[in-house]
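Everything below concerns the one structure shown next.
The values are calculated or read from the model by the stated rules, or taken from the named source; none is laboratory data. Keep in mind that this is a model prediction, so the values were computed, not measured. Glycine also receives a Cβ, built like all others from the backbone with ideal geometry; neighbour counts cover every protein chain displayed. Each accessible area value is taken on the protein alone, full model and side chains, heavy atoms only, with ligands, DNA and RNA left out. Shrake-Rupley method; radii C 1.70, N 1.55, O 1.52, S 1.80 Å.
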Amino acid sequence: MSTTDRTATTPPVAPERQPATLDMRPGRWVDNWDSENLHFWESIGRRTAKTNLKWSIFAEFLGFVVWQLWSVTAVFLPQAGFELSTSQLFWLISIPALVGATLRIPYTFMIARFGGRNWTIASALLLLIPAVGLALAVSNPATPFAVLLFLAGTAGFGGGNFASSMANITYFYPDREKGWALGLNAAGGNLGAAVVQLIVPIAVTVFAATALNLPMAGWIWVPFILLAAFGARKYMHNLSHAKGDITGAVAALKEKHLWVISFLYIGTFGSFIGFSAVFPKLIADTFPEFSTFSIVSASLSLSFLGPLVGSLSRPYGGKLADRIGGARITIVSFAVMALITVGVVLTLPLGNFWVFLGLFLLLFTASGIANGSTYKMIPTVFSLQSVDRNDGVSAERKASAALGLISAIGAYGGFMIPQALGFSASTTGAYNAAFIGFVIAYVVMMAVTWFFYLRPGTVFARQGV
């Protein structure tokens, strides 16, 4: 057989069997992303998505670090020579949560406007403002409170990162793997709240012979922020098909269940981030013997265990919700949170640090489980609800938009909890009144969960939401 004959009879290689490639323009813009195409996904999509996920997690992790910087730093300010009232200290602790929760809403749409890679670079570099600003401000005890409060507010940039990071990763993964990817992204970010409370007390004391080196609380994160921006620029991608769904968001805001679940999420995620922010302050105030800074790094650094167990328990809340139902797990979690908070009030007079720590670790665990179960309810509720409005927006689009909006609204709990504790301490000289208020709130949230999602006869109860 001739060469010509052999060539003619050799079947051509099917184009779909050839390795997929990225159709990439300058600026690392990808025009042919198709994660639902199995051949594309296995050839190049999965590898590319993992790279973007890794750098997204790192940047979001630093966002949570910066978001929670003042939760630890504020505890040290009186010992560093700052003359601040209890109310002022709690404002410094809580204002980042207020700003961060608010920024989550516009941050959700930044990916569609600027691209995932570009916005990750920008949002990472924005973290330099609160980190460097804190380092400079706390080096001088004469810094006015207004300046401190403004710089604490800029730490909210870190809280906004969660929304843009989650929105970006959503576009990279196929539906069958979104849950896993978003779970990793969220957990990686949440861990920043734990790490900052572990590292900062050590950093400001271990490098100080006789006095606190408080600026280290900010300077220590600058190299990592620059690394995150560099990594995003070099390795991440912009997806041209990523579009913000403003119509879906507007339609979701008109739905009753968005506000119901947001109320519940204030109690779950709000408790997690609120208690994460205030835990070092609670330890310092409740156990003043730890004001001796030869042991403060050991005592206050234990506060990192709270956000750590809360972060790690969140995925289990989602798994339990898959098996038993999100509403059932949520209502049980609120019951446990209420009982544990009662235990905190009853045992405070004992002055036992280990009992106090143990109860709060249980409280963090319960809130983490509730975070996972409540968040898991969102797509199920929106797919089952009876929509009265003929707005032409599918339940799926509303649920997708609701995920971002509810995460933003829930984050306001991170502002409410420190403010309630600060008000209680300023007016009564103790925290008991605030804790009792939290118990009442958890009981109300239990009742709301039952009424809307577990009450016999409702479609949600029949479907086991």
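Panel values: region 168-253, Kirkwood radius from alpha carbon pairs, Stokes-Einstein at 10 °C and 1.306 mPa s, translational diffusion coefficient 96 µm²/s. Measuring r between the beta carbons of Trp450 and Ser394 and using R0 = 35 Å, the FRET efficiency lands at 0.75.
In plain terms, the chain is cut at each of the GluC sites (Glu not before Pro) found in a DSSP loop with at most 12 other Cβ atoms within 10 Å, and the longest leftover piece is 84-465. Per residue, the convex hull spanned by the Cα atoms of region 153-195 amounts to 55 cubic angstrom. Each principal axis of region 70-109 carries a Cα extent, and these read 42, 15, 10 Å when sorted largest first. Solvent-accessible surface of protein heavy atoms, probed at 1.4 angstrom with all chains present, puts Tyr235, Tyr375, Tyr316 in the order Tyr316, Tyr235, Tyr375, largest first. Length gained on full extension, Lys243 to Ser43, computed as 0.36 nm times the residue gap minus the Cα-Cα distance: 69.5 nm.
Taking every full run of DSSP H in the chain, the ones that stretch at least 24 Å from end to end by Cα along their long axis and average -0.5 or higher on the Kyte-Doolittle scale are 46-67, 86-108, 156-172, 175-206, 256-286, 305-324, 326-347, 353-384, 432-449.
Over region 25-66, the pair-distance histogram of Cα-Cα distances with 10 Å bins from zero comes to 25, 40, 27, 8 percent, rounded to whole numbers.
In the assembled protein chains, Phe304 presents an accessible area of approximately 40 Å² (probe radius 1.4 Å). With 23 Å as the limit on Cα-Cα distance, the pairs of Lys256/Lys398; Lys243/Lys319; Lys256/Lys376 that go past it are Lys243/Lys319.
Put Trp219, Trp55, Trp70 in order of accessible area, highest first, and with a 1.4 Å probe you get Trp219, Trp55, Trp70.
Annotation: amide H-H contacts under 5 Å for Trp29 (H modelled 1.01 Å from N, sequence separation of 5 or more, or interchain): Asn238. Computed from Cα atoms alone, the Kirkwood hydrodynamic radius reported for region 353-434 is 15.8 Å.
Using the Stokes-Einstein relation with a Kirkwood hydrodynamic radius computed over Cα pairs, the translational diffusion coefficient of region 59-147 at 4 °C and a viscosity of 1.567 mPa s comes to 90 µm²/s.
Potential lengthening of the chain between Phe287 and Ile440 amounts to 52.5 nm, from the contour at 0.36 nm per residue minus the alpha-carbon distance. Here r is the Cβ-Cβ distance between Ser85 and Leu136 and R0 is 35 Å; the resulting FRET efficiency, rounded to 0.05, is 0.95. Run lengths n ≥ 4 of DSSP H only: what is the helix-derived mean residue ellipticity at 222 nm for the chain, with -39500 (n - 2.57) per run over all residues, to the nearest 500? Dividing the helical sum by the residues of the chain leaves -24000 deg cm²/dmol.
Centre-to-centre separation between the Cα atoms of region 396-424 and those of region 70-130: 15 Å. Over all Cα atoms in the chain, the spread is summed up by Rg and Dmax: 24.2, 100 Å.
When a 1.4 Å probe is rolled over the protein heavy atoms, the share of accessible surface on the chain that falls to carbon and sulfur comes to 66 percent. Among Arg462, Arg117, Arg25, Arg323, the sequence by solvent-accessible area, most first, with a 1.4 Å probe is Arg323, Arg462, Arg25, Arg117. Computed from label points 7 Å out along Cα-Cβ, the spacing between Asn352 and Phe145 is 3.8 nm. Taking all protein chains as they are arranged and a probe of 1.4 Å, the heavy atoms of Lys254 leave approximately 120 Å² accessible to solvent. For Ile324, the solvent-accessible surface computed with a 1.4 Å probe is close to 80 Å², ligands and nucleic acids excluded. With the convex hull of the Cα atoms taken as the outline of region 105-197, the averaged projected area works out to 6.9 nm². Pairwise inverse Cα distances across region 313-353, averaged and inverted, put the Kirkwood hydrodynamic radius at 11.7 Å.
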